[in-house]
Each structure stands twice: as structure tokens, then as C-alpha cells.
Amino acid sequence: MPTARQALLDAALRALDDGPWCAVRMVDVAALAGVSRQTLHNEFGTKDGLAEALLRRAADGYLAGVDRALTAPAPDRPAAVALWTLRAARGDALVKALLTGHWAEGLPRPDRRPGSRGRTAAVRPPPTPGQLLALVRDRMAAATPGAADGRGEIALRLALSCVIVPVPGDDATDSRALRLVREASRPAVQGAVTQGPVVQGPAGLSARSPTAGGRSHR
């Protein structure tokens, strides 16, 4: 059974599916979650605190997917992370905003003003794009010690370019994108042409895997 905090975050996402964040009311979120408004305020403080908790959960979910991608065979980890990044951003507008710093109209935004009091002590502020990407780089470096040749950085930059300038996504498009990332990020073999089947990645990263949260917010 979900905790009151989880139920409230789920309810806030459902409310966001129905309209822009500016129209979401705390009383409606509490009602959707089946808890009192006071419980909502105890957990998150203000609406800004609730927004930041939503963004923090989206960031944590994305990083959990990065960790899953890094269980792929070592040579294919950069491509697996790139594919997950592409699909997570496509499937969840909050993840895309966290990665790029571009906040589409209607989305909740972090309050980064100095001295902001929009959150309770239990709400960690969401990372900036630079902080989030640094966490991904740290995970990639820890998963493949000694791989300091920049292949992970190349794969991540290619994925982010596709996030910033998106193309319609389907299985064929993802397969082509993954092949390009794989060829760009794998070590070169003297006298050989990098070919072979497209890497499907670990469980959760196959062509029909769910994206981060499976949501596409307005």
C-alpha cells in the first residue's frame, strides 16, 4: 500500500494530466489522494514544495533507469544509457525539463530563489540540469572503472541532442539512433567496420519497454 506521500505525488500527477500546474489546487490533490489538506501541507509545505517533490521524484526515477541501463555488458553501457535518456525524456515532460532546463508551459518548476521556503525539510530540491548530468557521469564512471576515453560522454551528448531537437519516436527510429550511438561510443577496432545487431540493452530498455513514469504532461 502506498504511503500518504506517494499517494499525494501520484494524485498531483493525475491532476497535472488534467490541466496546467497553475490550475492544480492543493485541496483537489488532497481529495484525489484521499487524505486531509493538512496532511498535504505537513508533507510538502506549500504548492512550491509539492512541485519540487514531483520534480525530485522524476529525477530519481530517471537516475534509477540509468542504473538499470548500466547493468548492460560493459561495451554497450554508453549506448544503453543514451537510449534510456532518449526514451525517458520522450515519455515524461518533467524528465525532459530537468535534463534540458527548458520548462514547457503548464509544467511545475523548481523555485531556485535564494532563501526560498516553499518546501519542508523532507523535500530535497531537484537537481539543475548540470547537477543531474554530473550524477549520470558519476554513475557511468563508477560502473566502468578506467573507462576515461570519453565514450560515455559522447553517448550522453548524442542522446541530449536528440532530446533537445526531438524526432518522432518509434521502434525503427530508436534502433537507428541506438546504432549510431553504439558506433560512436564503442572503441574502434583496427581495420574493422563497426557493425552488428542493435543492442537491446538490459531489461527495461527493450524497444517496447515503458518510459519513465510513462507520462507525457501538457
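The values are calculated or read from the model by the stated rules, or taken from the named source; none is laboratory data. These numbers were taken from a predicted model, which means no experiment stands behind them. With ideal geometry, Cβ positions are generated from the backbone for all residues, glycine too; neighbour counts draw on all protein chains shown. Just the protein is used for accessible areas: all its heavy atoms, side chains included, with ligands, DNA and RNA removed. Shrake-Rupley method; radii C 1.70, N 1.55, O 1.52, S 1.80 Å.
Before moving on, here are some points about what is shown:
- Burial ranking of peptide ranges 56-64, 101-109 (average Cβ count within 10 Å, highest at the top): 56-64, 101-109
- Per residue, the convex hull spanned by the alpha carbons of segment 19-114 comes to 128 Å³.
- Per-residue 3J(HN,Hα) values for segment 52-58, derived from phi via the Karplus relation 6.51 cos²θ - 1.76 cosθ + 1.60 with θ = phi - 60°, read 5, 5, 4, 5, 5, 5, 5 Hz in sequence order (x marks Gly and Pro).
- For segment 18-93, the solvent-accessible area works out to 37 Å² per residue, with a probe of 1.4 Å and every protein chain left in place.
- For segment 46-99, radius of gyration divided by Kirkwood radius, i.e. Rg to Rh on alpha-carbons: 1.09
- Cβ charges +1 (Lys, Arg) and -1 (Asp, Glu), total dipole of segment 1-74, debye: 100
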